[in-house]
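Take a look at the structure set out below.
The values are calculated or read from the model by the stated rules, or taken from the named source; none is laboratory data. Predicted, not measured: the structure shown is a model, and the values here were computed from it. Cβ placement follows ideal geometry from the backbone for every residue including glycine, while neighbour counts extend to all protein chains displayed.
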Amino acid sequence: MKKGTITLIIFLIIGLITGIIVGQLLAPVPALSFLTKSVPITWQPKADLQVIKYDIDLMIRLNLCSILGLVGGFFLYRKL
């Protein structure tokens with residue numbers, strides 16, 4: 001199977017989603033609160049070009065579980 005950029009992005013998105021789900025499942029456990037503490041990252045590009053106007057609001061809430069999911073997705077991609 002040919003490894004490409006699209007495959008890497010898919011693996012990273014799947015790893016991120018898996019990490020977020022695991023983080024939400026571990027949220028009620030008080031001893032693992034360090035894994036589920038989230039930091040929001042926002043990006044708000046906007047432009048008014050007289051012909052077209054756009055305003056996009058993107059927010060990602062990263063926690064240690066989601067970062068571990070990203071790392072796991074990258075390692076799975078490398079094993080492919």
Residue, farthest from the chain's Cα centre (by Cα), within the range 1-50, restricted to residues that are closer than 22 Å to Leu80 by Cβ and among the small types (Gly, Ala, Ser): Gly4
Tabulated pairs, the range 64-80, first under 14 Å from Ile13 (Cβ atoms), second outside any helix (DSSP H, G or I) and of a type in the set (A, V, I, L, M), C-beta under 9 angstrom, 6+ apart or interchain: Ser66/Ile60; Leu70/Leu62
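So in the range 51-77, with the set limited to residues that are more than 18 Å from Gln24 (Cβ to Cβ) and exposed (fewer than 10 other Cβ atoms within 10 Å of the Cβ), which one is nearest to the chain's Cα centre (by Cα)? Working first, answer last.
Pass one, the range 51-77, residues more than 18 Å from Gln24 (Cβ to Cβ): 51-58, 71, 74-77.
Next, from what is left, pick out any that are exposed (fewer than 10 other Cβ atoms within 10 Å of the Cβ): 51-58.
On the way: Val51: 33, Ile52: 29, Lys53: 27, Tyr54: 24, Asp55: 21, Ile56: 18, Asp57: 15, Leu58: 12 Å.
The residue in question is Leu58.
Could you grab me the full set of residues in the range 1-31 that are loosely packed, with under 15 Cβ neighbours inside 10 Å and aliphatic (A, V, I, L, M)? Explain how you work it out, then say what you get.
Filtering the range 1-31 down to residues loosely packed, with under 15 Cβ neighbours inside 10 Å leaves 1-7, 9-10, 13, 17, 21, 24-25, 28-31.
Scanning the range 1-31 gives Met1, Ile6, Ile9, Ile10, Ile13, Ile17, Ile21, Leu25, Val29, Ala31.
Mind checking whether some residue in the range 53-60 is under 25 Å from Phe75 (Cβ atoms), of a type outside the set (Lys, Arg) and modelled with pLDDT under 90? Can you show your working first?
Applying the first criterion (under 25 Å from Phe75 (Cβ atoms)) to the range 53-60 yields 60.
Imposing the further condition that a residue be of a type outside the set (Lys, Arg) reduces the set to 60.
Still in the list and also modelled with pLDDT under 90: 60.
Looking for residues that are under 25 Å from Phe75 (Cβ atoms), of a type outside the set (Lys, Arg) and modelled with pLDDT under 90, one finds at least one in the range 53-60, hence yes.
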